[in-house]
1. Stretched out fully, how many nm does the piece from Val48 to Asn203 gain, at 0.36 nm a residue minus the Cα gap?
2. Can you tell which of Ser114, Tyr179, Ile77 lies farthest toward the positive end of the dipole of the chain, using +1 and -1 charges on the Cβ of basic and acidic side chains (Lys, Arg; Asp, Glu)?
3. Among the lysines in the chain, how many pairs, 8 or more places apart or on different chains, have alpha carbons under 28 Å apart?
4. What do you get for chymotrypsin sites (Phe, Trp or Tyr not before Pro) in the range 37-133 restricted to DSSP loop and a cutoff of at most 16 other Cβ within 10 Å of the site's Cβ?
5. How large is ³J(HN,Hα) for each residue in the range 112-125, as worked out from phi by the Karplus curve 6.51 cos²θ - 1.76 cosθ + 1.60 (θ = phi - 60°), to whole Hz, x for Gly and Pro?
6. Tell me, what ³J(HN,Hα) does each residue in the range 23-30 have, in order and in whole Hz, if you take phi through Karplus 6.51 cos²θ - 1.76 cosθ + 1.60 with θ = phi - 60° and put x for Gly and Pro?
7. How far is helix 74-100 tilted off the main Cα axis of the chain, in degrees rounded to 10, range 0 to 90?
8. Which log10 I(q)/I(0) values, to two decimals, does the range 6-46 give at q = 0.16, 0.23, 0.33 Å⁻¹ under the Debye formula with one point per Cα?
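The numbers here are math on the coordinates, done by the rules we state, and not lab data. Since this is a predicted model, take the numbers as computed values, not measurements. Because the Cβ atoms are built from the backbone with ideal geometry, glycine has one as well, and the counts that use them run over all protein chains shown.
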Amino acid sequence: MRLLPREEKFYHLFLKQVEIISEASRLLLDGVRNGNARLTSVATEISVLEHKGDEVIHELFTRLNQTFITPIDPEDIHNISSALDNVLDGLEDTSHRLISYRINPVPETMVTLSEIVKACSRAMTSAFQELERGGPIMEHCIEINRLENEADLIGRSAVVDLFDREKDPIMLIKLKEVYEFFEATIDSCEDVADLLQNVVVKNS
């Protein structure tokens, strides 16, 4: 019997954040596969999701300030939620840059990077489901680390190729910046994985 309250809803709120990220990553992938006409509506839909994510993080921080005993360290809850928010912000920024810079057609490497973002969101979903159940999460964190390394190689190669082939200096700058937004978004996924691994180590 518990003598003090232990708030478990944090896990549920984490999962809500991850569900929003998963949907945003699905939309981004759909947009880059189908071109600017679809990307325009995708960017709007992702913005709506980003606002929903803000509401979740606000609820989580409010609950954190009101809860005496938390399932994991309050600092870890704060850092994980902030890292998840960074992923969603990155998805929104990437989609809007693609539209604002009129990247059409979208390079195949950006489609591949969008597929990696989607794969990261699947691995995050599995990791947070295991966190809620008290199950093993390390394999999912390792998978996110692997995906981030793969994305690094793809992104660096794409930028090298860009400088070799792109003759329009303005388009070169635009494409390079979009690649950087993809990289930052996937790096944020890795930040989430690293924080989860730290939680495992601290509580083992």
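1. Separation in residues times 0.36 nm, less the Cα-Cα distance, equals 52.2 nm.
2. Of Ser114, Tyr179, Ile77, it is Ser114.
3. Lysine pairs meeting the criterion: 10.
4. Values: sites: Phe61, Phe68, Tyr101, Phe128; in loops: Phe68, Tyr101.
Qualifying residues, ordered by number: Phe68, Tyr101.
5. Using θ = phi - 60°, the values come out as 4, 5, 5, 5, 5, 4, 5, 5, 4, 5, 5, 5, 5, 4 Hz.
6. With the stated coefficients, the range 23-30 comes to 5, 5, 5, 5, 5, 4, 4, 4 Hz.
7. 20
8. One equal scatterer on each Cα of the range 6-46 leads to -0.47, -0.68, -1.00.
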